[in-house]
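Worksheet: one structure, shown below.
The values are calculated or read from the model by the stated rules, or taken from the named source; none is laboratory data. Predicted model, so just to flag it, every value in this text is computed and none were measured. Glycine gets a Cβ as well: all are built from the backbone with ideal geometry, and neighbour counts include every protein chain shown.
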Amino acid sequence: MIRDVLDPNREVIPAGTELWRVHKSKYRPTQFNPTLADLHLSGGRFEGTVLDPYRSLYVADSALTAVAESVLRSVPWKGDRREIPYANVHGRTLSVLRTTRELTLVSLIEEKDLAAVHQTANLLDDERSYPMARRWTSEIRAQAPDAMGLVWQSRRNRPLHAMVLFHDRFDDCHCSALEVLPGRGIADLGSPEGVEEVNGLLDPLRAEVSKPVTW
């Protein structure tokens with residue numbers, strides 16, 4: 001049951017926009033994640049649940065933002081660097097997508113956008129708020145039926161943007177709104193060449209992926 005009357009602000013992503021995605025290599029670059037989050041425990045901040053079972057696809061507006069959002073979560077500082085476990089990149093790919101039409105998203109970028117949905121930055125910044133964020137996402141979806149996803153300021157590469165797309169807000173062939181740009185990105189983040197490229201991206205954030213001892 002929806003508790004508040006919200007007034008979400010929209011952000012339009014133009015056709016032709018390049019978006020970057022880190023995903024498991026076994027998935028297609030445009031394949032939405034079918035895994036549903038637990039209502040109270042595990043799962044992503046904006047993933048569907050049994051109460052609102054949509055599939056999700058996370059993207060970002062730059063390669064660094066996509067990588068940082070994927071691998072820097074809960075990585076502590078060790079001196080002046082952050083060491084990312086190799087497991088965070090093993091079996092993963094960085095793909096580049098391009099929108100073939102406009103995407104209308106609910107904006108959570110500015111404080112006024114958060115206020116429009118009766119929230120504060122805690123919705124985005126507090127990792128303990130994931131269950132509340134999933135519930136609030138369902139309320140936003142219910143009151144913004146035209147919204148194809150959400151966009152917000154990346155916690156790990158401010159002020160650039162991260163996004164989540166909802167599969168049920170696209171047509172029957174939802175992948176047609178996103179095309180893959182072959183030959184771009186990094187096919188295997190866990191390969192020696194992939195780790196080197198990822199570390200080059202992450203260097204401005206003073207972070208690097210640790211190399212496995214078997215190399």
>> I need the full set of residues from segment 8-27 which are part of a loop (DSSP other than H, G, I, E, B) and at pLDDT 95 or above, in order please.
In response: P8, N9, P14, A15, G16, T17, S25
> Which members of segment 172-215 meet the condition of being of a type in the set (D, E) and more than 16 Å from Q31 (Cβ to Cβ)?
Replying inline: D188, E193, E196, E197, D203, E208
> Is there any pair linking a residue in segment 61-90 that is closer than 17 Å to W152 by Cα and surrounded by fewer than 16 Cβ atoms within 10 Å (Cβ to Cβ) to one that is at pLDDT below 95 and of a type in the set (G, A, S), with Cβ under 8 Å and at least six apart or on different chains, and which?
Replying inline: none
> Among M163, M148, which is the only one that is under 24 Å from N33 (Cβ atoms) and touching a helix residue (DSSP H, G or I) at 6+ places or on another chain (Cβ under 6 Å)?
Replying inline: M148
> Would you call G149 modelled with pLDDT of 95 or more, over 17 Å from the mean Cα position of the chain (by Cα) and closer than 23 Å to A68 by Cα?
Replying inline: no
> Somewhere in segment 79-88, is a residue among the aliphatic types (A, V, I, L, M) and outside any helix (DSSP H, G or I)?
Replying inline: yes
> Within segment 101-136, restricting attention to residues that are polar (S, T, N, Q) and modelled with pLDDT of 95 or more, which residue is surrounded by the fewest Cβ atoms within 10 Å (Cβ to Cβ)?
Replying inline: T104
> Out of segment 183-197, which residues are free of Cβ contacts under 8 Å to residues at least 40 places away in the same chain and not in a helix (DSSP H, G or I)?
Replying inline: G183, S191
>> Of everything in segment 91-108, what is touching a residue at least 60 places away in the same chain (Cβ under 8 Å) and farther than 20 Å from L72 by Cα? Give them in sequence order.
In response: L97, R98, T99, T100, R101, E102, L103, T104, L105, V106, S107
> On the given criteria, is L36 within 16 Å of L165 (Cα to Cα), assigned to a loop (DSSP other than H, G, I, E, B) and not charged (D, E, K, R)?
Replying inline: yes
> When you go through (1) out of contact with any strand residue (DSSP E or B) (no Cβ under 7 Å at 6 or more places or on another chain); (2) in a loop (DSSP other than H, G, I, E, B); (3) small (G, A, S) one by one for G200, which number turns out not to apply?
Replying inline: (2)
